[in-house]
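Only one structure is covered here, and it is reproduced in the block below.
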């Protein structure tokens, strides 16, 4: 699993080791179900001693939770920012942040989707609680704020706006390979970059009342 | 599982029985993995003799395949229709057809998604081959036709248009309950009706070059 031997390469700093554990955990949890990933396998992939997991994260669950939090941090910051100071361009700013982030971890949204869909066993419920503890989605107020400020097209319903926004945000990363093949779509970083612009434009033209106002019409 | 006893109710006609098997299969395959659904359970739920499955569909796989085909038939007809005669409103026509259809079977898209994502075992590959044999997605040419006719906004890329279209189409039916709760969305037939209009408007404003031309601007 780990391609490097402990004896090889330069010595890792403490922060390197912590980061390596986060990266190894992300990669293993994305690929496998939670209970199939052992603390030992994470340490092996990170090429550090397994005791460091307890030291930094207390437990496998702690590492799982911290990995989610740190991976999604730039997205949450952007949401908090738009909550404080919103603009007509806020939905597309959030979308662009998410696409940039997920282009580096294109299978990460599958982990979130899979975790949210787990059957309600005790461990699974703890996983889900950890997932939603860090999820600031209830606090994503951008559409309410735009509506109140009369910046949405007059017939736009907030719940519909949220649903279409989240659909455009996450489904491109969830689409099964077989369906991509069937419809002739190839995803790679360049495609996601193009798609971010395309979907931003779709949101702007489709939701925003006066596109010319925010001076970002194409 | 079946709530009616064989002795109860009026006698079923042959077509009733065939239809009852399709309905029972849809409901059981949506809820459970393919291999966990027995021919006997389907017959029991349909309240008909199991030998009729062999008679009408040859096998469980034949029934699975036929059930997919018949459930998606109205969608495929609409796609074929728009391929023959396209208009600026074609994408939203397809979307509306899909929403109307899936409002009656809101978990059906999950079956398609799950099937497309199965690990490539022998049985699974047969399931997937059956799924894609009936899928006319490669033949959905609407965006290519609109582009050629200069009816898309000039900067719209066809692959991006397909991706956003499919995202808006299917993700609302795939969103995990936990995420719906977290963002404050409740799905029911009325919501899907409202969302169909909302997403149709999003596609119209976002993709179509001259919205006034098809005379369907709100």
Quick calc of log₁₀ I(q)/I(0), the stretch A:13-58, Debye, one scatterer on every Cα, no solvent, q values 0.16 1/Å, result -0.35
Taking the alpha-carbon centre of each part, the distance from the stretch B:100-138 to the stretch B:74-94 in Å is 21 Å
Angle between chain A longest axis and helix A:60-84 axis [Cα atoms, degrees, rounded to 10]: 20 degrees
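Two decimals is fine: what's Rg over Rh for the stretch B:1-117, C-alpha atoms, Kirkwood radius as Rh?
1.05
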Would you tell me the mean number of C-beta atoms belonging to other protein chains that fall within 10 Å of each C-beta in B:187-198, as a whole number? 3
Output, in nm with one decimal and in ascending order, the distances from the residue B:62 label point to the matching label points of the other copies (7 Å from Cα along Cα-to-Cβ). 6.0
Between A:50, A:25, A:182, where does the largest GNM mean-square fluctuation fall for chain A, given springs only between Cα atoms within less than 10 Å? A:182
Stretchable slack from residue A:210 to residue A:150, in nm (0.36 nm times residue separation minus alpha-carbon distance): 20.6 nm
Nearest-first distances (nm) between copies at residue B:84, label 7 Å from Cα via Cβ: 5.9
Using mean Cβ contacts within 10 Å as the protection proxy, how do B:160-171, B:84-95 order, highest first? B:160-171, B:84-95
Expressed as a whole number, the average count of other chain Cβ atoms within 10 Å around the Cβ atoms of B:85-95 is 0
By count of other Cβ within 10 Å, fewest leading, how are A:61, A:175, B:140 ordered? A:61, A:175, B:140
For a quick protection proxy, order the peptides B:52-58, B:196-202 by their average other-Cβ count within 10 Å, most packed first. B:196-202, B:52-58
Tell me, what does the Kirkwood hydrodynamic radius of the stretch B:66-180 come to in angstroms if you use every pair of distinct C-alpha atoms? 15.4 Å
Measuring from a point 7 Å out along Cα→Cβ, what nm distances, shortest first, does residue B:194 have to its partners in the other copies? 3.6
Rounded to the nearest whole Å³, what is the per residue volume of the convex hull around the Cα atoms of chain A? 163 Å³
Quick check: the angle from helix B:189-207's long axis to the longest principal axis of chain B, C-alpha only, nearest 10 degrees? 30 degrees
Geometric extent, Cα atoms of the protein assembly as shown - Rg, Dmax (angstrom): 24.1, 80
Angle in degrees between helix A:90-104 and the longest Cα principal axis of chain A, rounded to the nearest 10: 30 degrees
Peptide B:199-205 - average C-beta neighbours from other chains (10 Å radius): 6
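FYI, it's all coordinate maths here, none of it is from the lab. These figures come from a predicted structure and were not determined experimentally. Virtual Cβ from ideal backbone geometry, glycine too; neighbours counted across all protein chains shown.
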